[in-house]
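To start, the structure itself, in structure tokens.
The values are calculated or read from the model by the stated rules, or taken from the named source; none is laboratory data. Since the structure is predicted, the reported quantities are computational estimates derived from the model, not experimental observations. Backbone-built Cβ (ideal geometry, glycine too); neighbour counts: all protein chains shown.
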Amino acid sequence: MMHHVGYARAARRIATLSLLLPCLLGGCGQEPAANASANAVAGAAQPALQGFGGSLRPGLYKIVQTGDAEEESERCITAETLAKGGYVAAKDVQPGWTVVRNRASGGVIDFEAKGPAKGLMSFKGSYTAAGFTLDAVLSFEHNGQPMTLKNRQVGTFQSADCGEAAE
């Protein structure tokens, strides 16, 4: 039973991380992890593979996450982050994690970070003017056992004004 409780705690923590990263990066201003250091480096913009030709709109998104760690949240994606060609703001990356890729361009979102406990998190998906859909995978070791969580995140644009949910 204790192993299951540990897994549940790990899954909940990862769900929160999955939100920064949409919000691993933390909770995007609502969770303590959002106060993380800015050690990440944004990757260069990725050329369009196919799909939406415009950029992701800055503003407030409602994110519904389904899969191994289900959760609903709000996230502000700033114009500053998008202007750097990224999906995740460097300040939202938790200490100990290193960003490998951070791209949001040409209708494609591609984010990957490596972290403690052999952690690997990736977000891959697409976006349109109305929102985005991402497949998120987080793998790590917990008590020496490899674990993988898979989620789908659907973000729907709510408003250009982020209010209190700012990154």
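What the table below lists for this structure:
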| item | result |
| --- | --- |
| Filtered residues of segment 77-135 (kept if charged (D, E, K, R) and either within 11 Å of the chain's Cα centre (by Cα) or more than 26 Å from Pro146 (Cα to Cα) (or both)) | Glu80, Lys84, Lys91, Asp92, Arg103, Asp110, Glu112, Lys124, Asp135 |
| The one condition in (1) aliphatic (A, V, I, L, M); (2) modelled with pLDDT of 90 or more; (3) surrounded by 15 or more Cβ atoms within 10 Å (Cβ to Cβ) that Ala42 fails to fulfil | (2) |
